[in-house]
1. For the list (1) crowded, with 19+ Cβ neighbours inside 10 Å; (2) in a loop (DSSP other than H, G, I, E, B), I need the number of the one condition that residue B:181 fails.
2. Name the residue that is surrounded by the fewest Cβ atoms within 10 Å (Cβ to Cβ), counting only residues in region A:299-315 that are touching a helix residue (DSSP H, G or I) at 6+ places or on another chain (Cβ under 6 Å), farther than 15 Å from residue A:69 by Cα and not basic (Lys, Arg).
3. Just checking, how many residues over region A:329-367 are in contact with a Leu (Cβ under 9 Å, 6 or more places away or on another chain), within 14 Å of another protein chain (Cβ to nearest Cβ) and part of a helix (DSSP H, G or I)?
4. Can we say residue B:380 is over 27 Å from residue B:76 (Cα atoms), in contact (Cβ under 8 Å) with a residue 60 or more places away in the chain and part of a loop (DSSP other than H, G, I, E, B)?
5. Within region B:335-377, work out how many residues are part of a loop (DSSP other than H, G, I, E, B), within 15 Å of residue B:261 (Cα to Cα) and in contact (Cβ under 8 Å) with a residue 60 or more places away in the chain.
6. Residues A:326, A:248, A:241, A:321: which one is under 24 Å from residue B:372 (Cβ atoms) and not in a strand (DSSP E or B)?
7. For region B:40-57, name all the residues that are within 17 Å of residue B:91 (Cα to Cα) and either in contact with a Gly (Cβ under 9 Å, 6 or more places away or on another chain) or of a type in the set (Lys, Arg) (or both).
8. Check region A:31-43 and report whether any residue there is among the small types (Gly, Ala, Ser), in contact with a helix residue (DSSP H, G or I) (Cβ under 8 Å, 6 or more places away or on another chain) and within 14 Å of another protein chain (Cβ to nearest Cβ).
Amino acid sequence: MSFYYTEEQELFRKSLQDFLKKEILPNIDQWEEERQTPRFAWQKFGDMGFLGVDVSEEYGGSGLDFGYHAIMAEELGKTRSGGFGAAIMGHVSLAMVYLERFAGHEIKQKYLPKSCTGEWIGCLAVTEPHAGSDVAGIQTKAVRDGDYYIINGSKTFITNGVYSDYLIVAAKTNPEMKSGGISLIVVDRDTEGVSATKLKKLGWHASDTGEIALQDVRVPVTNLIGDENMGFYYIMQNFALERLVLSLSATTACEDALGYTLQYMNERKAFGRKINKFQVLRHRIAQLATEVERMKIFNHNIVKAYSEGQMVVKECAMAKLMATELSDKVMTECLQCFGGYGFMEEYKIARMFRDSRLGTIGGGTSEIMCEIIAKMVMDDVNY
Amino acid sequence: MYFKEEHHLFRQSLRAFLDKEVMPHIDQWEKQGYVDRSIWKKLGDMGFLGIDYAEEYGGSASDFMYTAILFEEVSRCNSGGFAGVVVSDVGLSMPYIRNFGNDELKKEYLTKSVAGDIYGCLAITEPNAGSNVAGIRTKAVRDGDHYIVNGSKTYITGGVHSDYIVAAVRTGDEGSSGISLLVIDRELEGVSAKTLDKMGFHASDTAEIFFDNVKVPASKLIGDENMGFYYIMQNFALERLAMALCWQASCEDAIAYTLQFMNDREAFGRPINKFQVLRHRIAQLASEVERIKIFNYNVARAYGDGEMVTKECAMAKLMATELGDRVMTECLQCFGGAGYMEEYKIARMFRDSRVGRIAGGSSEIMCELIAKMTVDAVGY
């Protein structure tokens, strides 16, 4: 019952699945333990051509449509490691997308080919200790000094924030203007004055999430992405994609959790019969499977519309809101079906549960999604 | 993605028709407890009853998405009862004759149904057998060229005023393998019906029907004898999809109606649509309605393409009707005291929604079905 993906896209999915199974899944536990994904993981993704799947061929990509990008988000959602998925997608959907969409030829030429091969890893640095979804409130400043910007400030909760090679930093270039005064600047990791500390988190252990300090960092003005003071607009544009990607991953994680739980329920016995014969649990699974199926169709519908170039700001916010809320529900109930084992790290449902919890916060909280949706539904505002 | 330009035009003309010919009478129909007969002829004249039916019976043989539009739009008339009787004719009764009936039955009943000269109802449920169809007791005993039918049916939408009854009867052994479907004309001796007093769906003449030695010609058998259970299971998918579409459209309608009220109504010096708690509630509900709508359209399209969507129809019905109750509860809340008054239609929408989780197989039955298909990997 799917009208969304083409045969070629499904073949791509299959090869990605095979790759993940062979090269990635056997290592996940170790990476979770080490609290970081090693560089060779990106390189392997790059070797297979996955990182630049929808980047134009001129800059080292395959020039395919967004559907492929979406499939990657979906398959990474099923690796039972939110942190690993975030490490890859943080590079692809957050860092690379800004370069591909808004940067000039020179920046693209310098950063994109190496990003496609996985030689370089990027991160997106917008959030600050005092400004999350309220992007207009950021305080990091970039002051023009001849052919350079001098950047000062701090960023936090940055995925790939510690080990990445370059940072796409949102900074105020005109503090007088509120949201209008923000620009996006590419900052190389090895520039003097850039430092980062790794944050300890509830979940997403395979991702290095960092706090970044920028102290008198001198960056050539040629590293400006797009036009000066247009950063807020770029960020808002890309938020739709970020939310869609989060929704896709959250939904496939739910699918995966249900499959995993059904398998367990078929093996586990209690009171003389398999626990998948107890009506209360059966109905719970039926409800969740229904919600996940519905969510999946909604997502796919948006992927298609997005690929066709439609503005789907509202729909992406809706998808992100519902998929991440659903994921918390699914993980909670699935873990419950495992009983005591659900609380043990031996069963991956424990990790899936804690990794899910970020969903309703990262990429704009559920409350922020509601604010956006309310404006569009109730006040006839358009984005 | 689901509708072409022609579909939109069809929706517009249907909407214009409903605004002119139905909306002005709804309150009266709700009050009298049934829909005026004259509406069938009008619907038939406009071709709305035959969109999904072959041209030889006067239909336009259009794709299923037109029928989906019909189900949606009749559900935007502030009366679950009106939508109920239309769907019970077009989506519940006529399909059995079209899908499983012989040429003679089709010619006799479909042509007139498409024209709106007659309309039908579907009678399966009995006082002691609802979703458990295999447990029905109404008996049809063969007597020469006739069946003699005895028994009773209940909760039958359109059960008092419809012209013919597609009835599930027992012609064979106990259980699912002994059930057949008969077309029983209202005028036959021994058929009687009593309107039931209901909490909502007031414009529907929902009935208890009695068969007392009713002599039905054997030629009125739909399809083969003792195959009724199979036919019913097949058409349940459509019934559930129809309900999902109806409830989703009602939800959309209720939210639009509520937004209008919230824009006009002031409290503490500002329109109530400025209060954040209410805004977020609406945002959540609007998101869920949007999602179920896309899901329904997707299922409708697959159904129209001839795919087996038993599981998906059950899912759609489960989710849409549960959402219906939630949406109506929260929307009514936004109206405050006015929501409790019959002057505002949200009160009716609220009570009409409640039957969604019961009719056409309860939510619990949907879960049983879905669980079998997902947990036990059973295929239907």
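The values are calculated or read from the model by the stated rules, or taken from the named source; none is laboratory data. Since this is a predicted model, take the numbers as computed values, not measurements. We place every Cβ from the backbone using ideal geometry, glycine too, and count neighbours over all the protein chains shown.
1. So the condition that residue B:181 fails would be (2).
2. A:313
3. Count: 6.
4. Answer is yes for this residue.
5. Of the residues in that region, 3 qualify.
6. A:326
7. B:40, B:43, B:44, B:47, B:48, B:49, B:50, B:51, B:52, B:53, B:57
8. Looking for residues that are among the small types (Gly, Ala, Ser), in contact with a helix residue (DSSP H, G or I) (Cβ under 8 Å, 6 or more places away or on another chain) and within 14 Å of another protein chain (Cβ to nearest Cβ), one finds none in region A:31-43, hence no.
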